[in-house]
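Asker: This is the structure I want to talk about, given as C-alpha cells.
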Amino acid sequence: MTTPATSSAFLREKNEEGWNRPPIMEPDGEAELLEVAMGPHHPSTHGVFRMDVALDGERVIRLKPVFGYLHRNHEKIAEGASYLASMPYTDRLDYFCSLTNNWAYALAVEKLTGQEVPERAEYIRVILAELTRIQNHASAIGFLIQEMGASGTPLMYAFKEREKILDLFEALTGSRMMCNYMRFGGCRVDISAAWLDAARKVVAGLPDFIDEFENLLSGNEILMARCQGVGILRPELAVNAGITGPMLRGSGVNYDIRKVDHYGIYDRFKFRVPLGDHGDVYDRYMVRVLEMRESIIILNQALKEVPGGPIMDPKAKIRGFRPKPGEAYGRIEAPKGELGFYLISDGSPNPYRYRVRPPSLINLTVLEDMCLGTNVADVVLIFGSVDIVLGEVDR
Amino acid sequence: MKTAEEIKSAIEAAVPGAGVVLIPNTSPSAQHSLRLDPAHAVEVAKFLRDDADLALDFLSNVTGVDWPDKEITEKVKVTRTVSKTVDGVEQQVEETVEEPRKHIQPGCLEVVYHLFSMAKKHGPVILRMRTVNRTDQVELPSFTPIWRSAEFQEREIFDLYGVVFTGHPDLRRLLMWEGFKDHPMRRDYVDPDDYEYEPTPHDSVLARAAAHKAATECVAQEGTGAAQ
C-alpha cells in the first residue's frame, strides 16, 4: 500500500500541467538515498532488463528503466530482406506468442496489398491466436506467482497446460515456439481432422484447469495481501500513456481491438471483455484469468464452425512479391496489448520502412508511476504484472 | 469517423494558419495522412486530443522514416548556338538539344504518428512532420507532454534516427548505449568495424602479454638458431 505521505502526489488533477508525468519524490528527513541497479541479470526481470532504482530505506523514490541489452535492430534487418523473409523473424519478437506476431505482420501486409484471406484460414488464425492467448496468460500468471515467492510449483501448473497447447502447435506447424505459420493471404499448411479432434480435446480440458488454478490462487490470502492495492494505475493515465491489453482493461478502460476493429472474423463470435475496477496488480491478474475463460468461449465456437475450402488466397503471389507504393498500419490484440506493424512500400521487393509497435515496451512507460512510494518487493510484483518479453521490448 | 479531408478543415478552422497538407495514400489500405507544420504542431495536437468530436486520446504508434538526399536526373531542352559547316561555309546555327541534368532533392527525416480514440473507438488518424534537413536542422516539437505514450518512442527515434524533440522531458538514447555516435536506422549508416570495442583495464594486460609473447618468440628463434 502507498503511504499517506506519498499518495497525495498521485492524485493530481488532469488539467494540471504535467499531470501525466511521474511525481518527483523527496526522501523523508535527511536520509541518504541508496541507488540500486536491479538487473540486467536479475531473476525477476524476465531476461536482460535493468531498473535504476533510488531507495530511501525500502521506499522507492525514483525508478528509471534501461533498455537495449537485447537490441538487434530487427527493423533494419527487415528493411534489407524481402517481405516474406521477415515472417520467421517476427516469431522472435515475443517468443511466447509467435502466432499472434505472425498474424499482425500478415495483417499489415494484407492491408498494404489488399489481399483477401479465405474463410477457413481466418478460422484457423482465430483458433491459433486464442490458444496463444491462453498459454500466454497462463504462464504470465505463473511467473507472477513465482515473483511473489512461490518458487516453481505454481508455474508448473501453468506450464503443464501450456505443454498441451504447444504440442498442438508442434503437430500443426512443426515447431513449438517459432511457428512461422501465417502467410500473406492465408496460412502455410492445412489443419487435419485429427488435429481438430485433438484441439477440441485440449480445449475441453481447459475450464477444469482454470477452475483448479483459480481455486488455488484467486482467494488465496497471501496473493490477495500482496496484490490488492499495489501498483495502482489510473485509467486517465493509462489511456494517455498508450497502455493496451490486459493492463489497460485492468484499469477499467473498455478497449479491446478484437471488438473495436473486428479484424479477421472476430465480429462473428460472442464474447465479453472483462474489465477491472481498481487498476491494481490483482485486477490485472483477474482480467487475465477471465480473458482465458472468454478465449475458451471463442475457441468452442470457432472449433464447431470451421468451414472447408482453401487456406490460401489463390491470387497470392509467393515469388516476385512487390506491393504497390504506399503505406499501411495493421494492428491486432496480441496477448500483451496492441501489436502493430507499419509498412512503407516503394514498389521494391523489400519494405522501405518496417516498424513494429511493441506493446511490451510501451506498457513499461508507466512503470515508474506505479512503483513510486512502494517497497522493493512490490516493484518485482508490479513489473511482473505488466507481462513483458524482452525480445519484443528491445527488438 | 471523419475523413482525412474533414479533419483537415476542422484543424484549419480551429488553428488558423496551421498549414496542414493532405498526403494521399494510393495503396489499398487508403490510410491518408496529414502533414503538419512543426511550428503549429503542438497546438494542433492539443486540439485533436481535446476536441469533443475527434477525442483522439490514444497515440498508438510513433515512427521515424529517413528520406535521404535523392539525385534526380531530368532531361532538359537546351538551345545553344553551335558553329557548323553548312555548304562549305562556317555558320552559327541555333540548335535544340535534350540534355540530362542532375539535381539533388534534399532529404529529410520524417516522423509519423498514428492516433486512435479510445473514447469514440475510431481511428487511425495519421499525422506526419518533416525536419528541414538531415544534418543540422533536425528539431521537431515533442508530443510527449500531450500524449505520454510518445515518451519512449520519441526517445527511440532520437536514438536511431537523430531527430531532436524539443520539449521532451527526458531525451536520452533508448536502445543504443550512451556515448554511441551514429544513428543506426538511417539509410546511409555504415557499421563500424568493431562496434563492441570498449576500452577496458584488460587492454594494459593484453599489451603486456603481447610484449611478453614477442620477447619469448625472440628467445625461441635464437634457441633454434643455436641448435642448427
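Asker: With r as the distance between the Cβ atoms of A:THR153 and B:ASP50 and R0 = 35 Å, compute the FRET efficiency 1/(1 + (r/R0)^6) and round to 0.05. Walk me through the intermediate numbers first.
Answerer: Working: r = 50 Å, r/R0 = 1.44.
Calculated value: 0.10.
Asker: In addition: Mind listing the long-range amide H neighbours of B:GLU139? Cut-off is under 5 Å, sequence gap 5 or more, other chains count too, H placed in the peptide plane at 1.01 Å from N.
Answerer: Result for B:GLU139 returns B:VAL132, B:VAL164.
Asker: For helix A:281-305, what angle does its Cα long axis make with the longest principal axis of chain A, in degrees from 0 to 90 and rounded to 10?
Answerer: 10
Asker: Can I ask one more? Would you compute the Debye intensity of the range A:110-218 from its alpha-carbon atoms alone, equal scatterers and no solvent, and pass along log10 I(q)/I(0) at q = 0.13 Å⁻¹ to two decimals?
Answerer: Normalising to I(0) and taking log10 leaves -0.57.
Asker: Follow-up. Based on the alpha-carbon gyration tensor of chain B, what equivalent-ellipsoid semi-axes (square roots of 5 times the eigenvalues) come out, in whole Å, largest first? Could you put the intermediate results ahead of the total?
Answerer: On the way: eigenvalues 504, 339, 36 Å².
Semi-axes from the Cα gyration tensor: 50, 41, 13 Å.
Asker: Can I ask one more? Please work out how much length the chain gains when fully extended from B:VAL132 to B:ALA209, using 0.36 nm per residue of separation minus the C-alpha to C-alpha distance, in nm with one decimal.
Answerer: Working: separation 77, 0.36 × 77 = 27.72 nm, distance 5.20 nm.
Result: 22.5 nm gained on full extension.
Asker: Set the Förster radius R0 to 45 Å, insert the Cβ-Cβ distance between A:LYS259 and A:LEU34 as r into 1/(1 + (r/R0)^6), and round the FRET efficiency to 0.05. Present the calculation step by step, with values, prior to reporting the outcome.
Answerer: Details: r = 46 Å, r/R0 = 1.02.
After rounding to 0.05, the efficiency reads 0.50.
Asker: Let me ask you something else. Between B:GLU217, B:GLU139, B:GLU154, where does the largest GNM mean-square fluctuation fall for chain B, given springs only between Cα atoms within less than 10 Å?
Answerer: Highest fluctuation among the options: B:GLU217.
Asker: Here is a further query. Of the residues B:SER83, B:SER117, B:SER142, which exhibits the maximal mean-square fluctuation in a Gaussian network model of chain B defined by a 10 Å Cα contact cut-off?
Answerer: In the Gaussian network model the winner is B:SER83.
Asker: Calculated FRET efficiency, B:ASP191 and A:ARG72, Cβ-Cβ r, R0 22 Å, to nearest 0.05?
Answerer: Values: r = 13 Å, r/R0 = 0.58.
For B:ASP191 and A:ARG72, the calculated efficiency is 0.95.
Asker: With each run of n ≥ 4 DSSP H residues scored as -39500 (n - 2.57), what mean residue ellipticity at 222 nm is computed for the protein assembly as shown after dividing by its residue count and rounding to the nearest 500 deg cm²/dmol?
Answerer: Values: 20 runs with 240 residues, N = 623.
Here the helix-only value at 222 nm equals -12000 deg cm²/dmol.
Asker: Tell me, what is the Rg over Rh of the range A:11-88, with Rh the Kirkwood radius over Cα pairs? List each step's numbers first, then the result.
Answerer: On the way: Rg = 19.3 Å, Rh = 16.2 Å.
Rg/Rh: 1.19.
Asker: Provide the packing ranking of A:58-71, A:331-344, A:158-171, A:25-38, i.e. peptides ordered by the mean count of other C-beta atoms within 10 Å per residue, highest first. Don't skip to the answer; put the middle values down first.
Answerer: On the way: A:58-71: 19.1, A:331-344: 26.7, A:158-171: 17.4, A:25-38: 12.2.
Final packing ranking: A:331-344, A:58-71, A:158-171, A:25-38.
Asker: Over all residues in A:18-28, what is the mean tally of Cβ atoms on other chains that come within 10 Å of each residue's Cβ?
Answerer: Working: counts 2, 2, 7, 6, 2, 0, 0, 0, 0, 0, 0.
Neighbouring Cβ atoms belonging to other protein chains average 2 per residue here.
Asker: Next question. Can you give the Rg and Dmax of the protein assembly as shown based on its C-alpha atoms, in angstrom?
Answerer: Gyration radius and largest Cα-Cα distance of the protein assembly as shown: 28.5, 112 Å.
Asker: Using every pair of alpha-carbon atoms in the range A:74-394, split the distances into 20 Å bins beginning at 0 and state the percent of pairs per bin, rounded to integers.
Answerer: So the P(r) values, bin by bin, are 33, 57, 10, 0.
Asker: Among A:LYS111/B:LYS121; B:LYS2/B:LYS120; B:LYS77/B:LYS102; A:LYS76/B:LYS181; B:LYS8/B:LYS70, which pairs are too far apart, with a Cα-Cα distance over 22 Å?
Answerer: From the list (A:LYS111/B:LYS121; B:LYS2/B:LYS120; B:LYS77/B:LYS102; A:LYS76/B:LYS181; B:LYS8/B:LYS70), the Cα-Cα distance tops 22 Å for B:LYS8/B:LYS70.
Asker: Right, next: Looking only at other chains, what is the average number of their beta-carbon atoms within 10 angstrom of each beta-carbon in A:319-326? Could you put the intermediate results ahead of the total?
Answerer: On the way: counts 0, 0, 0, 0, 3, 3, 3, 8.
Mean partner-chain Cβ count within 10 Å for A:319-326: 2.
Asker: Evaluate the Kirkwood expression for the hydrodynamic radius of the range A:3-158, namely the inverse of the mean inverse distance over all pairs of different C-alpha atoms, and round to one decimal in Å. The partial results should precede the final answer.
Answerer: Working: mean 1/r = 0.0498 Å⁻¹.
Taking the inverse mean of 1/r over all distinct Cα pairs, the range A:3-158 comes out at 20.1 Å.
Asker: Now a separate question. Can you list the HN-Hα couplings for the range A:375-391, worked out from phi with the Karplus curve (6.51, -1.76, 1.60; θ = phi - 60°), rounded to whole Hz and with x for Gly and Pro?
Answerer: Those phi angles translate into 8, 4, 4, 6, 4, 4, 5, 5, 4, x, 6, 6, 6, 10, 10, 5, x Hz.
Asker: Given the Cα atoms of the range B:58-119, and with Rh set as the inverse mean 1/r over their pairs in the Kirkwood sense, what is Rg to Rh to two decimals? Could you put the intermediate results ahead of the total?
Answerer: Values: Rg = 25.6 Å, Rh = 16.7 Å.
Here Rg/Rh amounts to 1.53.
Asker: A further question follows. How well do other chains shield peptide A:247-259, expressed as the mean number of their Cβ atoms within 10 Å of each residue Cβ? Mind dumping the intermediate values first?
Answerer: Details: counts 0, 2, 0, 0, 0, 0, 4, 2, 6, 0, 3, 0, 1.
Averaged over the peptide's residues, the number is 1.
Asker: Sort A:ILE222, B:ILE72 so the one with the fewest other Cβ atoms within 10 Å of its own Cβ comes first. Mind dumping the intermediate values first?
Answerer: Values: A:ILE222 12, B:ILE72 9.
Sorted ascending by nearby Cβ count, the order is B:ILE72, A:ILE222.
Asker: So, one more: Return one number: the angle in degrees, 0 to 90 and rounded to the nearest 10, between the long axis of the Cα atoms of helix A:153-173 and the longest principal axis of the Cα atoms of chain A.
Answerer: Roughly 20 degrees between the two axes.
Asker: Related question: Looking only at B:VAL86, B:VAL125, B:VAL97, which one moves most when chain B is put into a Gaussian network model with springs between Cα atoms under 10 Å?
Answerer: Of the options given, B:VAL86 has the highest mean-square fluctuation.
Here, each number is a calculation from the coordinates, and none is a lab measurement. All values derive from a computational prediction rather than experimental measurement. Positions of Cβ are backbone-derived with ideal geometry, glycine not excepted, and every protein chain shown enters the neighbour counts.
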